[in-house]
Amino acid sequence: VTTTIEASAVEGLRSNLRGPVLTQSDAGYEEARKVWNGMIDRRPALIIQCQGVADVIAAVNFARDQGFGAAVRGGGHNAAGYAVCDDNVVIDLSAMKGIHVDPKTRTARVQPGVTLGELDRETQVFGLAVPAGAVSTTGVAGLTLGGGIGWLMGKYGLTVDNLLSAEVVTARGEVVTASESENRDLFWALRGGGGNFGVVTSFEFQAHPVGPLITGGLVAHPAARAREVMGFWSEFVKTAPDELTSYCGVTGAPDGSGLICAIIAAHSGSLEDGAKAVQPIKDFGPPAMDAMGPIPFVVHQSLLDEGNQPGRLIYWKSEFLRELTPELLDIVAGHAVKMPSVASTVLLEHMHGAYNRFEADRTAFGQRDAHFNLVVIASWTDPAESDANVAWARGLIAAVQPFTTGGVYFNYLGTDDGADRVRAAAGRNYERLVEVKRKYDPANMFRYNQNIKPS
Ligand SMILES: Cc1cc2nc3c(=O)[nH]c(=O)nc-3n(C[C@H](O)[C@H](O)[C@H](O)COP(=O)(O)OP(=O)(O)OC[C@H]3O[C@@H](n4cnc5c(N)ncnc54)[C@H](O)[C@@H]3O)c2cc1C
């Protein structure tokens, strides 16, 4: 499908922009419409590659005045492909890469094209870190707006719990600040309500002293022992200190030798405390491979990069779980080892400490009572294997239904999660999000996201 727009309108936009505007016939268009999930194949009418706030204002005004919906692209990692759309406009922020860290106030001002690895690199200059996610190529922008689950959440909470303010271009094309003292409703909604309310052009975060060395890394067991390992881990995490966040999952061995069951852990306190805290993980089994100990924070932050390269075919599902009962672990381990593609992952994430202590309505992120998150990422390359991989992932999700909280993480919604799942993700905060949406984007121009409908 080719979408035609008046050439004069495109020229007008170009003359008003520092960055490039790509139409469907321009060089670079094909590359610019690709996102992390290779299953996503969308053809926007225009991709507006912004260089700064003035470009974002011009892009928003253009989209609104021409009657287009706008998808907003940060890191392009969203598994449902929300960074791109068919026939409408993409506001691409990936070139906006500025980061400024103030070591005195331990704050970081971050533009929306920055990835997690880029942010860690700059904050670590001062021995600081902003709590974020587990794969370094993920975009800070999308991750923050949906919550931000990661290795520091037990101690410091989600990324949104460390957001101090945001600069936002609204659907009207106005630049506003959202913080505890200005536009509080917007600030509340941005912290978990996704990209529904405007285009964030910079984030101000609280950073914390972390590293440069932490205790982290992983241990691996043969997947045949997945049930035992998950059983051990489910007991182990019950007494984990806030500093220690760990995940347990089944995936392919990096050397291609088959499936493994791994425990990955990060302890952000002193190396001495960290060594003591992870010792039971190292003792259990013992593992077939033990790569857990002192590790540079930035290395730990990219441990999972290799298995999450862009362009693979992905079907992503997740569920928050109430508790890990033996019956549930039988299901998860039993199903995981039957994955049709060894590039897939079944992951249990432990949510605890500061994550649970923030009140459920303090920010728009409403899932504070969950203690575990089950993430199923089917990953393969041959389209002929799509049906088998999708069916496997759906089968596991169907089997765990009796054990879920009914909630789901905003940022882990997949391609076939509809309006009911967005509602489930927002939980008790849904109605309040609708009110804020009505105020800031009544025409739903920002609709290529975990959409909160204004009515
Ligand atoms: C391999 C992998 C690992 C992941 N690991 C984690 C993890 O450890 N923890 C975690 O919490 N999540 C994780 N995620 C999920 C991740 O948080 C989401 O995919 C998130 O949407 C990625 O942000 P992005 O900027 O890369 O996304 P994009 O695809 O660029 O954007 C996603 C959506 O965010 C919105 N958006 C992006 N930028 C802006 C902006 N500046 N203003 C307004 N709206 C905007 C848009 O509505 C867009 O629809 C992971 C995802 C992948 C693929």
(request) List the number of the failed condition for ASN183; all other conditions in (1) open to solvent by 10 Å² or more (accessible area, probe 1.4 Å); (2) on the phi < 0 side of the Ramachandran plot hold. (result) (2)
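For the range 55-110, give me each residue that is of a type in the set (Val, Ile, Thr) and not in a helix (DSSP H, G or I). Spell out how you get there, then give the answer.
At the first step, the residues of the range 55-110 found to be of a type in the set (Val, Ile, Thr) are 56-57, 60, 72, 84, 89-91, 99, 101, 105, 107, 110.
Result: VAL72, VAL84, VAL89, VAL90, ILE91, ILE99, VAL101, THR105, THR107, VAL110.
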(message) Among the residues in the range 80-101, are any within 23 Å of LEU304 (Cα to Cα), in contact (Cβ under 8 Å) with a residue 40 or more places away in the chain, more than 8 Å from the ligand (Cβ to nearest atom) and open to solvent by 10 Å² or more (accessible area, probe 1.4 Å)?
(response) no
(request) Could you list, in sequence order, all residues of the range 268-289 that are of a type in the set (A, V, I, L, M, F, W, C), surrounded by 15 or more Cβ atoms within 10 Å (Cβ to Cβ) and part of a helix (DSSP H, G or I)? (result) ALA275, ALA277, VAL278, ILE281
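State yes or no: is GLY193 in a loop (DSSP other than H, G, I, E, B), open to solvent by less than 10 Å² (accessible area, probe 1.4 Å) and within 8 Å of the ligand (Cβ to nearest atom)?
Numbers: in a loop (DSSP other than H, G, I, E, B): yes; open to solvent by less than 10 Å² (accessible area, probe 1.4 Å): yes; within 8 Å of the ligand (Cβ to nearest atom): no.
Judged against the criteria, GLY193 is not a match.
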(message) Please go through the range 224-233 and give me each residue that is open to solvent by less than 10 Å² (accessible area, probe 1.4 Å) and touching a Leu at 6+ places or on another chain (Cβ under 7 Å), ordered by number.
(response) MET230
(request) Please indicate, with yes or no, whether at least one residue in the range 400-416 is among the charged types (D, E, K, R) and more than 19 Å from the chain's Cα centre (by Cα). (result) no
(request) Looking at (1) farther than 22 Å from GLY192 by Cβ; (2) within 13 Å of the ligand (Cβ to nearest atom); (3) part of a helix (DSSP H, G or I), find the lone condition where THR123 falls short. (result) (2)
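Of all residues in the range 369-399, which are open to solvent by 10 Å² or more (accessible area, probe 1.4 Å), at pLDDT 95 or above and under 20 Å from the mean Cα position of the chain (by Cα)? Spell out how you get there, then give the answer.
Step one: of the range 369-399, the residues open to solvent by 10 Å² or more (accessible area, probe 1.4 Å) are 369, 371-372, 377, 381-388, 390-392, 394-395, 397-399.
With the extra rule that they be at pLDDT 95 or above, the set shrinks to 371-372, 377, 381-388, 390-392, 394-395, 397-399.
Hits for the range 369-399 are HIS371, PHE372, ILE377, ILE397.
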(message) Need the failing condition index for LEU128 against (1) more than 13 Å from the ligand (Cβ to nearest atom); (2) open to solvent by 10 Å² or more (accessible area, probe 1.4 Å), just the number.
(response) (2)
(message) Here are the criteria: (1) within 14 Å of the ligand (Cβ to nearest atom); (2) surrounded by 19 or more Cβ atoms within 10 Å (Cβ to Cβ); (3) within 25 Å of ARG172 (Cα to Cα). Tell me which single one ASN429 does not satisfy.
(response) (1)
(request) Given the conditions (1) farther than 25 Å from TYR448 by Cβ; (2) of a type in the set (Gly, Ala, Ser); (3) not in a loop (DSSP other than H, G, I, E, B), report the number of the one that ALA166 does not fulfil. (result) (1)
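Would you point out the residue of the range 142-159, among those that are outside any loop (DSSP other than H, G, I, E, B) and open to solvent by less than 10 Å² (accessible area, probe 1.4 Å), that is nearest to the ligand (Cβ to nearest atom)? Working first, answer last.
So the first thing to find is which residues in the range 142-159 are outside any loop (DSSP other than H, G, I, E, B), and the list is 142-146, 153-156.
Filter once more, keeping what is open to solvent by less than 10 Å² (accessible area, probe 1.4 Å): 144, 146, 153-154.
Details: THR144: 8, GLY146: 6, MET153: 9, GLY154: 14 Å.
The residue in question is GLY146.
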(request) Given the conditions (1) more than 16 Å from the ligand (Cβ to nearest atom); (2) in contact with a Lys or Arg (Cβ under 9 Å, 6 or more places away or on another chain), report the number of the one that SER268 does not fulfil. (result) (1)
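The values are calculated or read from the model by the stated rules, or taken from the named source; none is laboratory data. Here the structure is a predicted model, which is why all the values come from computation and not from measurement. Every residue, glycine as well, gets a Cβ built from its backbone with ideal geometry; the counts of neighbours run over all protein chains shown. In case anyone asks, the SASA skips ligands and DNA or RNA and just uses the protein heavy atoms, side chains included. Shrake-Rupley method; radii C 1.70, N 1.55, O 1.52, S 1.80 Å.
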